[in-house]
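This report concerns only the one structure given below.
The values are calculated or read from the model by the stated rules, or taken from the named source; none is laboratory data. Here the structure is a predicted model, which means the values were calculated and not measured. Cβ placement follows ideal geometry from the backbone for every residue including glycine, while neighbour counts extend to all protein chains displayed.
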C-alpha cells in the first residue's frame with residue numbers, strides 16, 4: 001500500500017496522537033472512582049492501570065508490526081480470511097463509534113451540569129460534532145498538527161491543579177493500603193477505561209514514519225505521560241478532599257478548582273472546563289477518525305473523508321439516545337466488555353494466529 | 001500574422017495609422033538619412049521627446065557614415081521586419097523609424113518615465129530603519145531590491161499577464177536559497193493566468209493563492225523594500241508589478257503578518273516585547289467582545305463581585321441583549337473606519353469628533369449601549385489596528401463576528417469551540433506547500449526563536465524552515481570576537 005505524503009506523520013506526532021486520544025472525559029470522574037474503590041491507594045491503582053495499558057500497547061504493537069503497511073481493517077482479512085475479517089472490521093467500527101458516542105454523551109452531561117444548564121443537549125452535541133467533522137475530514141497530517149498543539153492545554157491544566165496544594169492535607173492518604181491490595185488492583189481495572197484510546201495505534205500505525213522500535217517508544221512515552229498526568233490528578237484530589245467528602249462529589253477536580261479564585265477570575269473551574277473542551281474534542285475526533293477510516297476502507301476505497309459525515313451522524317444519534325441514564329449505563333457496560341474483547345483478547349489471538357500462519361507459510365514455501 | 005514592412009513609406013504610415021485608429025497622440029516627423037526619405041513615428045503621450053531629439057534626430061542630422069543602428073545612440077534599438085508588431089511597440093512607448101525602400105523598421109526605446117520620487121510608505125511606517133518605499137515603477141522597485149542585495153544570485157524573471165492590459169510583473173528570488181519547486185510552482189501559476197485585465201497585485205494574489213475561501217491572507221503585501229529583501233533572504237519569492245507599489249511575498253506564514261522591520265532594528269528584548277504585544281492584540285481583537293458577551297450573558301460569577309455590580313448596573317439600563325449592542329457598536333466602528341479612509345485628512349478630524357464624542361458619549365447617555373461595551377469595542381478596534389498588515393487587521397475584526405454569535409449561544413463553551421474551529425482551520429491552511437501556521441503547527445522548536453519573540457540576531461543561526469530553503473544555515477559565530485578559536489564550539 002502506498003502511503004501518500006499528506007497522510008504520513010512523524011513519531012513525535014504519533015506520540016501526541018496517542019496522548020490526545022487517551023485523555024478524554026474520564027479525567028474528571030477518575031479521582032472519585034479511585035477513592036471509592038481503593039481509598040488512599042487510588043493513585044497506585046492508576047499507576048498499575050498504566051502498566052497494564054503498557055503491556056496491551058506492546059501486544060498491539062506486536063500485532064501491527066507484522067503488517068507494517070496495513071491498517072487494522074486491511075490486515076484483519078489477511079489473518080482470518082476475507083469474510084470473517086470484514087465482519088470483525090465492522091465490529092471494530094461499531095466499537096469505535098460507540099466509544100465516540102459515549103464520550104460525547106458524558107461530555108454533554110458534564111457541560112450541561114456545570115456550565116450550560118439551559119442549553120438544549122442536541123445543540124451542544126451538534127456543535128461538538130460539527131467541529132470534529134471539520135477536523136476529521138482532513139488528512140491525517142492536519143489532524144496530527146492540531147493534536148500536537150492542543151496537548152499544551154494539558155500543561156495548563158496541570159498548572160491550574162497545582163494551586164490545590166495550597167490546602168493539601170497529606171494525612172488523607174494514609175494508610176495507603178487502607179482498602180487492601182486486592183481492592184487496589186481491582187480499582188486498577190476500573191482505571192483502565194479512562195485510559196482507552198491507545199487503540200488508535202491499530203489504525204494509524206502504518207502512517208507513522210520510521211522503524212517499529214521508534215513507534216513503540218512513541219506510543220509508550222505518550223501513554224506514560226498520560227498515566228503520570230492521571231496519577232497526578234488523582235493524587236492531588238486525594239490529598240485535598242477528605243475521604244469522608246469524596247463519595248459525595250462525582251467530579252472532584254472541578255469542585256477543587258471551584259474552591260479557589262484569582263483576583264480577576266473567580267471561577268477557575270470554568271477556565272479548566274474550557275480547556276478540557278479541547279481535550280475531549282480531540283478524543284472524540286480520534287475515535288471518529290478511526291471509525292471513518294474503517295468505513296472508508298470498506299465502502300469508499302480508502303477515502304475516509306466520505307465516511308465522516310454519516311459516521312458523525314451515527315455518533316450523534318448514539319449520544320442523543322443516551323440522555324436516559326439507563327442507556328448510558330448500558331453503553332458503559334457494553335464498552336467495558338468490548339474493550340477487553342477488541343483490545344486485549346482479539347489482538348492476542350490475532351498475534352498468535354499470525355505467528356502460526358507465518359510459520360506455516362514459511363514451511364510450505 | 002506577419003506582414004512585411006513595405007518599401008513604400010506611405011503604405012507603412014497608413015497601416016500604422018489604421019492600426020492605432022488615427023489616435024490623436026500619434027505623431028510623425030520626416031527625416032533625411034543618406035538621401036533617403038524617412039519617418040519617425042511615436043506616441044507623444046508615452047515617448048520622451050527630448051530623448052528622441054537627442055538620441056535619434058541629432059545623430060541623424062550629423063549624417064555620419066555607417067548603418068542606422070551604429071549611428072543612433074540609444075541603448076535599446078531593434079530591427080523589425082514585421083509590420084504588425086509595430087503598433088504594439090508604439091503603445092509601449094517606443095519610437096519607430098521607417099526608411100524609404102528599406103525592408104526593416106527600427107524600434108528605438110525612448111519611453112518617458114514619469115514617476116514619483118521614492119518616499120516612505122504611509123501605511124507601513126517604522127521608527128527606525130530605512131525610510132524608502134516601492135513606487136509605481138517596476139524598474140525603480142527592482143533597483144531598490146538589487147541595491148540591497150548586490151549578489152548575482154538574485155534573479156528577476158519578467159512576466160506579462162492580462163491579455164488586454166499586458167501588465168508587467170517581475171518574479172524575484174535568490175537562486176541559491178529559494179526552493180526550486182517553489183519557484184517552479186509560482187512560475188506555472190503566473191503563466192496560467194488568463195484574464196483580460198489584471199489591474200492590481202490584489203488580482204494576482206487572488207489568482208494564485210491556494211485557499212481563496214479562507215479569511216486569512218496567504219500572501220503578504222508590502223511596500224517596504226527592506227521587508228521584501230528580508231523575505232528574499234529567507235528563501236521566499238517576491239512578485240513586483242509595474243504601476244503598483246505593493247510587492248507580494250510568498251509563501252508566508254501567519255506570523256509574518258505580525259513582524260515588522262522595527263523588531264530587528266530595536267534591541268532584541270524590546271523587539272520581543274513589541275512582538276508579543278502585537279500577537280496578544282491579535283487575540284484580543286476578535287476575542288474581547290465575544291468574551292464580554294459570554295461573561296455577561298452566561299457566567300457573570302466569573303468576575304469579582306464588585307465588578308459584577310458595576311457592570312450589571314450599567315447593563316440594566318440598556319434595552320438590548322449584549323449581542324445586539326456588540327453588533328451595533330462593531331458595525332458603527334467599521335463604518336467610522338471606512339469613512340476615515342475616504343475623507344481627506346482635513347475633514348478627518350470631524351470624523352474623530354463625531355465618532356469619538358457623539359457616538360461614544362451620547363450613545364451611552366441615551367441608554368442605547370452600556371459603558372463597558374464602549375470600552376470593549378474601543379479595545380477591539382485599537383488592538384486590531386496594531387497589526388502591521390492591513391489585511392490581517394481587517395480579517396481579525398471580521399473573525400470577531402462569528403465568535404460573538406457563538407458566545408451569545410453557548411457562552412464560554414461556544415467561544416472555545418470557535419477557537420478550536422479556528423485552530424483547525426489554521427492547521428489546514430497551506431500556501432505553496434508551506435504550512436500557514438508554521439512553526440507552531442507543525443511544531444518546530446528551533447523556528448520558534450523568531451516567532452512569538454525575537455531572539456538575539458546572533459543566535460538565529462538557521463533560516464526559518466517553512467519555505468524549505470535550499471540552505472538552512474545563515475550564520476555561525478556572528479560574534480566571532482568572543483571566540484578565540486572559532487573552529488570549535
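Look at the range A:51-74 and say how many of its residues are free of Cβ contacts under 8 Å to residues at least 24 places away in the same chain and under 13 Å from residue A:354 (Cα atoms). So the count comes out to 0.
Among the residues of the range A:276-316, the ones that are within 14 Å of another protein chain (Cβ to nearest Cβ) and surrounded by 19 or more Cβ atoms within 10 Å (Cβ to Cβ) come to 14 in all.
The residues of the range A:102-119 that are over 19 Å from the mean Cα position of the chain (by Cα) and either modelled with pLDDT of 90 or more or facing another protein chain (nearest Cβ under 7 Å) (or both), listed by number, are A:115, A:116, A:119. Given the criteria in contact with a helix residue (DSSP H, G or I) (Cβ under 9 Å, 6 or more places away or on another chain), more than 14 Å from chain B (Cβ to nearest Cβ) and in contact (Cβ under 8 Å) with a residue 12 or more places away in the chain, does residue A:160 qualify? When the stated conditions are applied, residue A:160 passes them.
Each row is one residue, and each column tells you yes or no for (1) buried (at least 19 other Cβ atoms within 10 Å of the Cβ); (2) at pLDDT 85 or above.
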| residue | (1), (2) |
| --- | --- |
| A:8 | no, yes |
| A:17 | yes, yes |
| A:31 | yes, no |
| A:46 | yes, yes |
| A:51 | no, yes |
| A:56 | yes, yes |
| A:61 | yes, yes |
| A:76 | yes, yes |
| A:88 | yes, yes |
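Residues checked against (1) assigned to a loop (DSSP other than H, G, I, E, B); (2) over 19 Å from residue A:144 (Cα atoms); (3) more than 9 Å from chain A (Cβ to nearest Cβ); (4) touching a strand residue (DSSP E or B) at 6+ places or on another chain (Cβ under 7 Å):
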site	(1), (2), (3), (4)
B:383	no, yes, yes, no
B:397	no, yes, yes, no
B:411	no, yes, no, no
B:421	no, no, no, no
B:437	yes, no, no, no
B:443	yes, no, no, no
B:453	yes, yes, yes, no
B:464	yes, yes, yes, no
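Just need a number here: residues in the range B:144-167 that are in a loop (DSSP other than H, G, I, E, B), out of contact with any strand residue (DSSP E or B) (no Cβ under 9 Å at 6 or more places or on another chain) and modelled with pLDDT of 90 or more. Qualifying residue count for the region: 2. Being under 27 Å from residue A:41 (Cβ atoms), more than 14 Å from chain B (Cβ to nearest Cβ), out of contact with any strand residue (DSSP E or B) (no Cβ under 9 Å at 6 or more places or on another chain) and in a helix (DSSP H, G or I), is that true of even one residue in the range A:77-95? Taking every residue of the range A:77-95 in turn, none turns out to be under 27 Å from residue A:41 (Cβ atoms), more than 14 Å from chain B (Cβ to nearest Cβ), out of contact with any strand residue (DSSP E or B) (no Cβ under 9 Å at 6 or more places or on another chain) and in a helix (DSSP H, G or I). The criterion of at least 2 residues that are over 19 Å from residue B:13 (Cβ atoms) and either assigned by TED's automatic domain parsing to the domain that holds residue B:15 or within 38 Å of the chain's Cα centre (by Cα) (or both) is met, among strands (runs of 3 or more DSSP E) falling completely within the range B:65-110, by B:77-80. State whether the residues of the range B:262-272 include one that is part of a strand (DSSP E or B) and either modelled with pLDDT of 90 or more or at negative phi (or both). No - not one qualifying residue is present in the range B:262-272. Scanning the range A:120-129 for residues being facing another protein chain (nearest Cβ under 8 Å) and under 20 Å from the mean Cα position of the chain (by Cα) gives a total of 1. You will find that of B:421, B:417, B:410, the residue that is within 30 Å of residue B:293 (Cβ to Cβ), over 27 Å from the mean Cα position of the chain (by Cα) and surrounded by fewer than 20 Cβ atoms within 10 Å (Cβ to Cβ) is B:421 and no other. Of all the listed residues (B:308, B:283), the sole one being within 14 Å of another protein chain (Cβ to nearest Cβ) and surrounded by fewer than 17 Cβ atoms within 10 Å (Cβ to Cβ) is B:308.
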